[in-house]
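Worksheet: one structure, shown below.
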Amino acid sequence: MFHLQGPQLLQMLEKSLRKSLPESLKVYGTVFHMNQGNPFKLKALVDRWPDFNTVVISPQEQEMADDFDHYTNSYQIYSKDLKNCQESLSTSDVVNWKQHLQIQSSQSSLDEVIRNLATTKFVKVKQTQCILYVMSETARKFLPSLPETKDLPAGYGRPKAINQEMFKLSSLDPIHAAMVNKFWHFGGNERSQRFIERCIRTFPTFCLLGPEGTPVSWSLMDQTGEVRMGATLPEYRGQGLVSHMLFVHSHALDKLGFPVYNHTDRANKIVQKISHNLQHVPMPCDWNQWNCVPL
């Protein structure tokens with residue numbers, strides 16, 4: 001596959017991927033942030049240029065030193081042609097199947113491709129599929145033709161007021177990574193904590209400090225530009241703090257021109273209700289992650 005290097009080619013790729021939203025969202029969000037300085041040192045590969053079928057975003061080789069770190073060994077894929085995608089991935093060394101890794105995409109149709117490849121590469125696959133949401137302002141700007149966007153009421157949803165005497169807006173420090181890690185559904189281990197520390201150092205973060213002056217609710221983003229890893233300490237839940245965090249974080253990113261999106265588990269009715277109240281738009285495609293482990 002062909003490695004796109006230099007700002008001009010990456011900007012052309014971003015522009016082209018924008019035409020394929022929302023199916024290209026996970027890759028589009030990643031390329032967007034690569035064009036904002038590429039702080040995670042990612043690279044974009046295409047099967048051909050400029051009329052590509054398949055795009056794969058991956059870390060540079062030196063970043064993937066730990067064979068067991070699937071948080072870092074993370075690939076984002078978008079393809080217009082599934083047969084081409086399978087051929088491109090099977091006849092190249094773009095994906096290092098000997099490592100523990102994850103593949104992310106807004107295309108559920110990639111499941112068959114990934115499972116076919118996993119069989120030939122002797123890899124065990126576990127798929128996680130969630131609801132994909134886009135902030136209303138992002139939907140209006142990037143997805144105006146979607147039926148879900150056309151029905152949006154004017155303005156945007158606001159969360160209920162919080163006690164601003166008790167809770168003060170702030171940002172996270174890397175020392176807070178252990179706490180975030182403890183409550184992250186995909187975390188809870190040493191490698192995920194290192195990944196969270198890196199996200200805190202690299203991207204805008206928001207938190208609410210409680211009466212003790214320490215974070216009680218937070219929201220941060222990952223290298224794909226997705227708002228992730230938000231939570232509230234159990235003793236402070238039910239006060240609208242996560243809604244407030246999502247609202248503040250989303251609008252701060254929107255002002256910077258970022259596409260703002262997030263996902264939630266289908267069983268997580270609380271976050272679904274929060275997303276509905278904030279007028280986040282559920283996408284017709286899904287959020288997908290495949291965790292791959294060599295046998």
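Here are some notes:
- Among the candidates Leu278, Leu295, Leu246, residue that is in contact (Cβ under 8 Å) with a residue 24 or more places away in the chain and closer than 19 Å to Ser171 by Cα: Leu246
- Restricting attention to region 203-238, the residues that are outside any strand (DSSP E or B), under 12 Å from the mean Cα position of the chain (by Cα) and not hydroxyl-bearing (Ser, Thr, Tyr) add up to 3.
- Residues located in region 225-283, provided they are among the acidic types (Asp, Glu) and within 23 Å of Ser24 (Cβ to Cβ): Glu226, Asp254, Asp265
- Residue tally, condition closer than 30 Å to Ser58 by Cβ, of a type outside the set (D, E, K, R) and free of Cβ contacts under 8 Å to residues at least 40 places away in the same chain, over region 213-237: 4
- Qualifying residue in region 214-229 (condition: open to solvent by 20 Å² or more (accessible area, probe 1.4 Å) and modelled with pLDDT of 95 or more): yes
- Identity of the residue in region 159-187, of a type outside the set (Ser, Thr, Tyr) and in contact with a Ser or Thr (Cβ under 6 Å, 6 or more places away or on another chain), that ends up surrounded by the fewest Cβ atoms within 10 Å (Cβ to Cβ): Pro159
- Residue within region 125-139 that is modelled with pLDDT of 95 or more, basic (Lys, Arg) and assigned to a helix (DSSP H, G or I) present: no
- Only residues that are in a loop (DSSP other than H, G, I, E, B) and more than 21 Å from the chain's Cα centre (by Cα) were counted in region 147-179, giving 17.
- The residues of region 253-286 that are open to solvent by 20 Å² or more (accessible area, probe 1.4 Å), out of contact with any helix residue (DSSP H, G or I) (no Cβ under 6 Å at 6 or more places or on another chain) and either of a type in the set (S, T, N, Q) or closer than 18 Å to Ile162 by Cα (or both), listed by number, are Asn268, Ile270, Val271, Gln272, Lys273, Asn277.
- Test: residue in region 188-196 that is farther than 25 Å from Glu63 by Cβ and either open to solvent by less than 40 Å² (accessible area, probe 1.4 Å) or under 18 Å from the mean Cα position of the chain (by Cα) (or both): no
The values are calculated or read from the model by the stated rules, or taken from the named source; none is laboratory data. What you see is a predicted model; the values in this text were computed from it and never measured. For neighbour counting, all protein chains shown are included, and Cβ atoms are generated from backbone atoms with ideal geometry for every residue, glycine included. With ligands, DNA and RNA removed, areas are computed over all heavy atoms of the protein, side chains included. Shrake-Rupley method; radii C 1.70, N 1.55, O 1.52, S 1.80 Å.
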